[in-house]
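One structure is given here, and the rest of the page talks about it.
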Amino acid sequence: MATPTSAYNAYKQNSVTTASPGELTLMLYNGCLKFLVKGKEAIVDNNIQEKNTNIQKAQAIIKELMVTLNTDQDVAKQMLSLYDYMNRRLIEANIKNDISMIDEVIELTTDFRDTWKQVIQITRQQQYSNTQQV
């Protein structure tokens, strides 16, 4: 019989492998936010190693978001410069142990995530409408 932990891990793995590209992007934003919050908590707890690890994980997600952008579109070029800015702010936050810089990146990431969530919902509604007309 599977343990609750192994069942949960199997569920998590399955949700990633079956997710649409839009859902994967949403997962990246949520993961980034999780690591940013953990990084902030580590600064408060004066746990330098934990802070560094979590901020670097958030940076890795931001770099992944940068790589996946289709820079043929103007909006993607603007997002690329914002992602670059966020990455630089996290480097600085990590060096200076500055929670306000992390908060700034959290705010930007939350805005991106919420907008992306709306795009997914609108896309699903349009797809559903199209299948109902057939």
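The values are calculated or read from the model by the stated rules, or taken from the named source; none is laboratory data. The shown structure was predicted, so the numbers you read here are calculated from the model rather than taken from an experiment. Positions of Cβ are generated from backbone atoms using ideal geometry, with glycine treated the same way; all protein chains shown enter the neighbour counts.
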| said: Which count do you get for residues in segment 49-78 that are modelled with pLDDT under 95 and in contact with a Leu (Cβ under 7 Å, 6 or more places away or on another chain)? | reply: 3
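Can you give me the number of residues within segment 39-54 that are out of contact with any Lys or Arg (no Cβ under 9 Å at 6 or more places or on another chain) and in a helix (DSSP H, G or I)?
As a first pass, look at segment 39-54 and keep what is out of contact with any Lys or Arg (no Cβ under 9 Å at 6 or more places or on another chain): 44, 46-49, 52.
Now restrict to residues that are in a helix (DSSP H, G or I): 44, 48-49, 52.
Matching residues across segment 39-54 total 4.
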| task | Select from segment 41-71 the residues that are among the charged types (D, E, K, R) and surrounded by fewer than 19 Cβ atoms within 10 Å (Cβ to Cβ) and write down the one among them that is farthest from M101 (Cα to Cα). | result | E64
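Condition first: closer than 13 Å to I55 by Cα and crowded, with 16+ Cβ neighbours inside 10 Å. Now tell me which residues in segment 100-117 satisfy that. First the steps, then the outcome.
Residues of segment 100-117 that are closer than 13 Å to I55 by Cα, as a first pass: 101-103, 105-106.
Selection gives M101, I102, V105, I106.
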| task | Quickly run through segment 20-65 and pick out the residues that are free of Cβ contacts under 8 Å to residues at least 60 places away in the same chain and among the acidic types (D, E). | result | E41, D45, E50, E64
| query | Of all residues in segment 72-99, which are assigned to a loop (DSSP other than H, G, I, E, B), among the polar types (S, T, N, Q) and surrounded by fewer than 12 Cβ atoms within 10 Å (Cβ to Cβ)? | reply | Q73
| note | Sole miss for R113 among (1) within 17 Å of P21 (Cβ to Cβ); (2) not in a helix (DSSP H, G or I) is condition (2)
| request: Considering every residue within segment 96-104, establish whether at least one is out of contact with any Lys or Arg (no Cβ under 6 Å at 6 or more places or on another chain) and either at pLDDT below 95 or closer than 14 Å to Y29 by Cα (or both). | output: no
| request: Taking the options S15, S6, name whichever one is hydroxyl-bearing (S, T, Y), at pLDDT below 95 and either surrounded by fewer than 11 Cβ atoms within 10 Å (Cβ to Cβ) or in a loop (DSSP other than H, G, I, E, B) (or both). | output: S6
